[in-house]
Amino acid sequence: MITSKLPNVGTTIFTTMSQLAAETGALNLSQGFPDFNGPQALLDAVGQHVANGHNQYSPMTGLPALRQQVAAKIARSYGVSVDPDNEVTITPGATAAIFCAIQAVVRRGDEVIIFDPCYDSYAPSVELAGGRCVHVQLSLQGFALDFEKIKAALSPRTRMIVLNTPHNPTGALISRAELDQLADLIRDRDIYLLSDEVYEHLVFDGVPHVSVLA
């Protein structure tokens, strides 16, 4: 018999609600995934490169040309210069990137603050690293950060805080003022800030996304 390393992780509420929405034809507000396809030009380019044989093992950190383009995109979007050779790593997707970042720095007994509701991969990744999740509920007023709760959650064992903006599944955005306030809280502590910004361009109402990189 196989004994799970995550015996308490069952079917998540995201999966349950998405399945119910599909079965009943309901509007699905329970999971943050795009309901549209990627740009046709991008799809065509991917198909072309696969057909041309660009489908074998790449360097572990990603193709240099791709890392350079990521660095250039970050510079265009946020006015921040990052080193494509030492500060950019390509992963198969955001979930893999989050998992690798957590495994790299979270040690057994460390605490990681995550904000509820949250993407369902965060907690299992922390547990597999031997850490413990400290759950902090987002404010019901706009799903904003509750700094009194964050202060109460901080401890000498806090190793990481996981942010998600634009937020999945609520769509809420963390403001620059909130980021500055969070920076003031952790500036003198040995704490990593992991920012999941996978929906950085899916923003509406003219409200700008503020990246931790900026």
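The values are calculated or read from the model by the stated rules, or taken from the named source; none is laboratory data. Since the model is a prediction, treat every value here as computed from it, not as a measurement. Every residue, glycine as well, gets a Cβ built from its backbone with ideal geometry; the counts of neighbours run over all protein chains shown.
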- [ ] Inspect all residues belonging to region 57-77 and state whether any of them is at pLDDT below 85 and either β-branched (Val, Ile, Thr) or closer than 30 Å to ALA172 by Cβ (or both).
- [x] no
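Could we say that VAL106 is within 19 Å of the chain's Cα centre (by Cα), more than 19 Å from ALA123 (Cβ to Cβ), at pLDDT 95 or above and surrounded by 14 or more Cβ atoms within 10 Å (Cβ to Cβ) here? I'd like the intermediate steps shown before the answer.
Numbers: within 19 Å of the chain's Cα centre (by Cα): yes; more than 19 Å from ALA123 (Cβ to Cβ): no; at pLDDT 95 or above: yes; surrounded by 14 or more Cβ atoms within 10 Å (Cβ to Cβ): yes.
In short, no.
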Open item on the list: Checking LEU140 against (1) outside any strand (DSSP E or B); (2) within 19 Å of the chain's Cα centre (by Cα); (3) of a type outside the set (Ser, Thr, Tyr); (4) in the same structural domain as ILE113 (by TED's automatic domain parsing): exactly one of these is not met. Which one?
Closed with: (2)
Task: Odd one out for ALA96, checked against (1) within 18 Å of the chain's Cα centre (by Cα); (2) of a type in the set (Gly, Ala, Ser); (3) surrounded by 14 or more Cβ atoms within 10 Å (Cβ to Cβ) - done: (3)
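Scan region 147-183 residue by residue and report those that are charged (D, E, K, R) and closer than 22 Å to ASP110 by Cβ.
Residues of region 147-183 charged (D, E, K, R): 148-149, 151, 157, 159, 176, 178, 180.
Passing the criteria: LYS149, LYS151, ARG157, ARG159.
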